Amino acid sequence: ATAGGAVEWDGTGRTSDGHMVKVLANVGAPADARAAAEAGAEGVGLFRTEFSYLDADDEPSVEQQRAAYVAVLEPFRGKPVIVRTLDAGADKPLAFLDPDVEPNPALGVRGVRVAFDRPGVLDRQLEAIAGAAAESGADVSVMAPMVATAEEAAWFAERVRAAGIARAGVMIEVPAAALTAREVLDAVDFVSIGTNDLAQYTFAADRQLGAVAKLNDPWQPGLLRLIALVGEAAKATGKPAGVCGEAAADPRLARVLAGLGVTSLSMNAASVRAVGASLAGASLADCERAAQAAVAAPTAADARTAAKGA
Ligand code: PEP
Ligand code: MG
């Protein structure tokens, strides 16, 4: 194994022995997409569409949405882009949905749950995404946020396919979805682990609260063990499982995630090169050793140290 970052990245995400792990970017607006393309991202692992709705008093029309999505997709013609459907609620309340006041917004009607009551909002967004995919030439997949069960995943996948979009996936950011990853993957084409929310819900620790930030450390063995379950399900089904939370931006952790069976990493544009270089500096066996050591560690600090020594 080589020390993290010691290797130049050639722009293709893979370990030193050629095991492919795509290095993708998280984007929200056209400027992010341009920055991600310039940074050398191989595609987009998370396009947060709620940013197109934030200032809207009314639901944007299909045509308005389509134009907003095309502007983000354009730099990625011919490349993979995962568009996430609206993740409203909790820390992202959207005025046009006229949200109810809830005592526990993080546990309330957020993410895909909004669509169960208002499937028309989802269907119009899917129509806009399908149109934007065709116009931009990007290789578009769609995924839902805050899915808790395989049943919800199947409901979502059916609507995506009805909209004529080729690939449907879901985020794994609720612990129940990680624990049933096999059944969830049977219902969809791929999953993407959102470590920001998965940590928040696993440790019952508000992701926005500095006082509990230590619990939301992505090196926590409790989080890594859930990710390991998802990686095993991905291997068993032969379907992709990415990571698109902040954890993917840590070059050392990227090796651990690859070793757990994660097939792509999606991050802010600024981290793309360092993560690509870190993967290129380790073999898959190195990554698997680091993963086993981190998962078995008793604390987050021990996981960091163990992964370094592996
Ligand atoms: C996550 O929860 O890890 C994630 C990528 O989604 P968001 O940060 O938009 O909630
Ligand atoms: Mg999330």
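A few notes on this one:
- Pairs are defined by a Cβ separation below 8 Å, a sequence spacing of at least 6 or placement on different chains, a first member in region 197-222 that is under 16 Å from residue 299 (Cβ atoms) and among the β-branched types (Val, Ile, Thr), and a second member that is away from ligand 1 (no atom under 15 Å from the Cβ) and not in a loop (DSSP other than H, G, I, E, B); the pairs so defined are 202/222.
- Subset of region 179-216 [of a type in the set (A, V, I, L, M, F, W, C), away from ligand 2 (no atom under 12 Å from the Cβ) and farther than 28 Å from residue 130 by Cα]: 179, 203, 204, 205, 209, 211, 212, 213, 215
- Any chance residue 96 is aromatic (Phe, Trp, Tyr) and at pLDDT below 95: yes
- Checklist (1) free of Cβ contacts under 8 Å to residues at least 40 places away in the same chain; (2) within 15 Å of ligand 1 (Cβ to nearest atom); (3) closer than 20 Å to residue 262 by Cα applied to residue 153, failing item: (2)
- Residues in region 31-49 that are free of Cβ contacts under 8 Å to residues at least 60 places away in the same chain and crowded, with 17+ Cβ neighbours inside 10 Å were compared, and the one that is nearest to residue 275 (Cα to Cα) is 42.
- Among (1) modelled with pLDDT under 90; (2) crowded, with 18+ Cβ neighbours inside 10 Å; (3) closer than 18 Å to residue 127 by Cβ - the single one residue 56 does not satisfy: (2)
- Residue 11, sole failed condition from (1) of a type outside the set (A, V, I, L, M, F, W, C); (2) surrounded by fewer than 17 Cβ atoms within 10 Å (Cβ to Cβ); (3) free of Cβ contacts under 8 Å to residues at least 24 places away in the same chain: (3)
- Test result for residue 122, buried (at least 18 other Cβ atoms within 10 Å of the Cβ), away from ligand 2 (no atom under 16 Å from the Cβ), outside any strand (DSSP E or B) and touching a residue at least 12 places away in the same chain (Cβ under 8 Å): yes
- Verdict on residue 101 being among the β-branched types (Val, Ile, Thr) and within 19 Å of residue 58 (Cβ to Cβ): no
- Residue 154 falls short on exactly one of the conditions (1) more than 12 Å from ligand 2 (Cβ to nearest atom); (2) outside any helix (DSSP H, G or I); (3) small (Gly, Ala, Ser), and that condition is (2).
- Taken together, the criteria exclude residue 216 from residues that are surrounded by fewer than 21 Cβ atoms within 10 Å (Cβ to Cβ) and closer than 23 Å to residue 84 by Cβ.
- Residues that are crowded, with 24+ Cβ neighbours inside 10 Å and aliphatic (A, V, I, L, M) were ranked within region 273-290; the one that is nearest to residue 309 (Cα to Cα) is 290.
- Test: residue in region 70-79 that is under 20 Å from the mean Cα position of the chain (by Cα), within 16 Å of ligand 1 (Cβ to nearest atom) and either under 26 Å from residue 261 (Cβ atoms) or buried (at least 17 other Cβ atoms within 10 Å of the Cβ) (or both): yes
The values are calculated or read from the model by the stated rules, or taken from the named source; none is laboratory data. These figures come from a predicted structure and were not determined experimentally. Note that we place each Cβ from the backbone using ideal geometry, even for glycine, and neighbour counts take in every protein chain shown.
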